Amino acid sequence: MRRMLALIVAVLALAPAGVRAQTMSELRAAYQFAFPVYEMARTRAAAAGTASKPGLLPANYLVHRPTLADAASRGVTTPNNDTLYSTAWLDLSAGPVVLTIPPLPGRYHSAAVMNLFTDNDAVLGTRVNGEGGGRYALVGPGYRGKTPDGAEVVRIGTNDAWLLIRTLVDGPHDLAAAQAAQKGFKLDALGNKGRPVTESAPIEPDVATFVNVVNEMLGRGRLPSGATMRARTAAKAGIAAGRRFETLPAPMQALWRDNYAALRNELKVGLAGGATVVDGWAYGSNALGEYGSDDGLRARTALAGLGALPALEAMYITAVADAGGQPLDGAQRYRLRLPTGNVPVKAFWSLTMYQAEPDGRLFFIDNPLDRYAIGNRSPGLVRNPDGSLDILIGGPQPEGALAANWLPARPGPIRLVMRAYLPHRELLLGFSRLPALERLP
């Protein structure tokens, strides 16, 4: 038997280059197809620790986080420091789950429902439904039964889904009011307790755990519309419901083991991968959050910005270099001079500082001020006489009133992400751009 396996490996090694390239292409496609599914499973497993009994967080149960994310927040990569989060992991296999959104005049909010592959199948709230609230029956792809009277039906592409609600906090003085608004979001599971997920999902899985967790998740329900052909390609590399890594042919196991780390490293370019870079700012695809067949973008976003909203809801513009084309380092000092009017949005904007972890994820930088972002709602900002705004980044804290304009950093690779919520048309279409980051002495 060993001789036979060795012969198979040798034959694969001696195969024409075109055959080997095709095999590697299928493996890459399978990995990018699978990675967002794994990240959803991993994030769900991490969230279980927020219940009163760790590991027993039920499905279809809404959890409100009453504080803004801070440097200790490590559950989801690239968090924001602008909104309160409410979250629920949905299992729609047993029927509808009803979401109630309260009337929230004058307060930005969104309730995104992402399917297992991280597409935003619905984003309810300020942009789509206005400020009057409503009741919504969230149903899975095959559901044809009754729904509660007065609830608008919202169909989700997979039975396993993630509900992520954002409620804007308009500065420190507004936190109590934002918390009260947040409590108005309700989720009625209608008795649907959901099914347990049995596989553990560590942050840094070995290749066997990765494949097995993904295949378990795929076995829990049907694929979303449009994923069939991509799933067939992934199945050639062992990514399919019911498969186990241990039962894959030995050459395929070896191919996975030999390339697993490299495939992960390819995703570390994050939201900047494939983006249009102008003056050091990476403007990502407007397919963000609604990926279609672009599993490369889907996978890169799952690593660097899981839960990203569609471009119509929010743009995420990432600084990848300064005005001289040099990578950003927290040991340097920078200035971003925003023109009069700042960033063209209907809701709000914020510039957030992150440290880049070795695994490609982004998290806040701990600092004495507990300041992780500066935006149009930040108190005490000092504007120039012409109305422009200088944001000072890194280095020692400025003295006097300009301290309000300072965004702390620390030595090492950093990322700056400009969030533009409900962007104006000129920003969406690329007619408006951010100025380059100027390195200061």
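The values are calculated or read from the model by the stated rules, or taken from the named source; none is laboratory data. Treat the numbers as computed from the prediction; the structure is a model and nothing was measured. In this analysis, Cβ positions are derived from the backbone assuming ideal geometry, glycine residues included, and neighbour counts consider all displayed protein chains. Quick note on the areas: whole protein, heavy atoms, side chains included, nothing else; ligands and nucleic acids left out. Shrake-Rupley method; radii C 1.70, N 1.55, O 1.52, S 1.80 Å.
General remarks:
- Only the Cβ atoms of Lys and Arg (+1) and of Asp and Glu (-1) were treated as charged; on that basis the dipole of the chain about its Cα centre amounts to roughly 960 debye.
- Partners of K236 within straight-line reach, counting lysines whose Cα lies under 29 Å from its Cα and excluding those fewer than 8 residues away in the same chain: K268.
- Residues in the chain average 43 Å² of solvent-accessible surface per residue, probe 1.4 Å, ligands and nucleic acids excluded.
- Derived scalar couplings ³J(HN,Hα) [segment 235-252; Karplus, 6.51 cos²θ - 1.76 cosθ + 1.60; whole Hz; x for Gly, Pro]: 5, 5, 9, x, 8, 6, 4, x, 8, 10, 4, 5, 9, 5, x, 3, x, 6
- With R₀ set to 56 Å, the beta-carbon distance separating Q397 from R144 gives a calculated FRET efficiency near 0.40.
- Residues T247 and A331, FRET efficiency given R0 of 51 Å [Cβ-Cβ distance, rounded to 0.05]: 0.55
- Applying 1/(1 + (r/R0)^6) with R0 = 45 Å to the Cβ-Cβ distance of T100 and K236 gives a FRET efficiency near 0.55.
- In the chain, helical runs assigned H by DSSP with n ≥ 4 each contribute -39500 (n - 2.57); averaged across all residues and rounded to the nearest 500, the mean residue ellipticity at 222 nm is -7500 deg cm²/dmol.
- Cα gyration tensor, segment 227-318 - rounded (a/c under 1.5), prolate or oblate: prolate
- Straight-distance crosslink candidates among lysines, where the alpha carbon sits under 22 Å from K146 and sequence neighbours closer than 8 are dropped: K186, K193
- Listed by chain and number, the aspartates and glutamates whose alpha-carbon sits under 19 Å from that of K183, ignoring those within fewer than 8 places in the same chain, are D82, E131, D170, D174.
- Residues with amide H under 5 Å from that of V278, placed H, sequence gap 5 or more: Y283
- Residues in segment 82-97 reached by a label modelled at K186 [backbone nitrogen below 16 Å; 7 Å Cα→Cβ]: 97
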